[in-house]
Amino acid sequence: MTKIYHNPRCSKSRQGLALLEEQNETIEIIKYLDTPLTTNQLSDLIKMLGISPLQLVRKNEAIWKENYKSKSLSDNELISAMVEHPKLIERPIVVKNGKAVIGRPPTNILEIL
């Protein structure tokens, strides 16, 4: 089973989902804006991605610019900000067999299939 943390309004997320469908993957779609991630779930995803929390933040979002950009935040504070404001999470994130990748560009997804 392949999981995609998906935002249907995002073109890259839609392209990532289409790529998974083209690959005939069995897909679990998680609309993370409707069902926000917990702190533990997000922390686990960041570990699977092998990145820092800051690398998962969408820095062009108004929420980021208005509330966080000028602050020096710890990893835990960054994770809390993303849990509180899921729009800040880069998308899509695809997980398969304990590995995860950010689908930007969507072809990155092929790395874990």
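The values are calculated or read from the model by the stated rules, or taken from the named source; none is laboratory data. Since we're looking at a predicted model, the values are computed, not measured. Cβ coordinates were reconstructed from backbone atoms using ideal geometry, including for glycine residues, and neighbour counts include every protein chain displayed.
Just to be sure before I move on: is R91 in contact with a His (Cβ under 9 Å, 6 or more places away or on another chain) and either loosely packed, with under 12 Cβ neighbours inside 10 Å or free of Cβ contacts under 8 Å to residues at least 12 places away in the same chain (or both) in the structure I sent?
Values: in contact with a His (Cβ under 9 Å, 6 or more places away or on another chain): yes; either loosely packed, with under 12 Cβ neighbours inside 10 Å or free of Cβ contacts under 8 Å to residues at least 12 places away in the same chain (or both): no.
No.
If V101 satisfies every condition in (1) touching a residue at least 24 places away in the same chain (Cβ under 8 Å); (2) not in a strand (DSSP E or B) but one, which is the exception?
Here V101 meets the rest and fails (2).
Report the residue count in region 49-68 for those that are closer than 16 Å to I102 by Cβ, over 11 Å from the mean Cα position of the chain (by Cα) and part of a helix (DSSP H, G or I).
1
With (1) part of a helix (DSSP H, G or I); (2) touching a Ser or Thr at 6+ places or on another chain (Cβ under 8 Å); (3) not β-branched (V, I, T) as the list, and E77 as the residue in question, which single condition is left unmet?
The number of the failed condition is (2).
Looking for whichever is surrounded by fewer than 14 Cβ atoms within 10 Å (Cβ to Cβ) and within 21 Å of L17 (Cα to Cα) here; the options are N108, N97. Which one fits? Working first, answer last.
Values: N108 fails: surrounded by fewer than 14 Cβ atoms within 10 Å (Cβ to Cβ).
Only one candidate qualifies: N97.
So which residues in region 10-34 are farther than 17 Å from I102 by Cβ and either assigned to a helix (DSSP H, G or I) or modelled with pLDDT under 95 (or both), if there are any at all?
Selection gives E21, E22.
List, please: which pairs have Cβ atoms under 6 Å, are six or more places apart or on different chains, and start with a residue in region 2-18 that is closer than 9 Å to P106 by Cα and end with one that is buried (at least 19 other Cβ atoms within 10 Å of the Cβ) and small (G, A, S)?
G16/G103
Taking the condition of a type in the set (D, E) and closer than 22 Å to N108 by Cβ, does D44 pass? Break it down stepwise before answering.
Working: of a type in the set (D, E): yes; closer than 22 Å to N108 by Cβ: yes.
Here the answer is yes, as D44 does meet what is asked.
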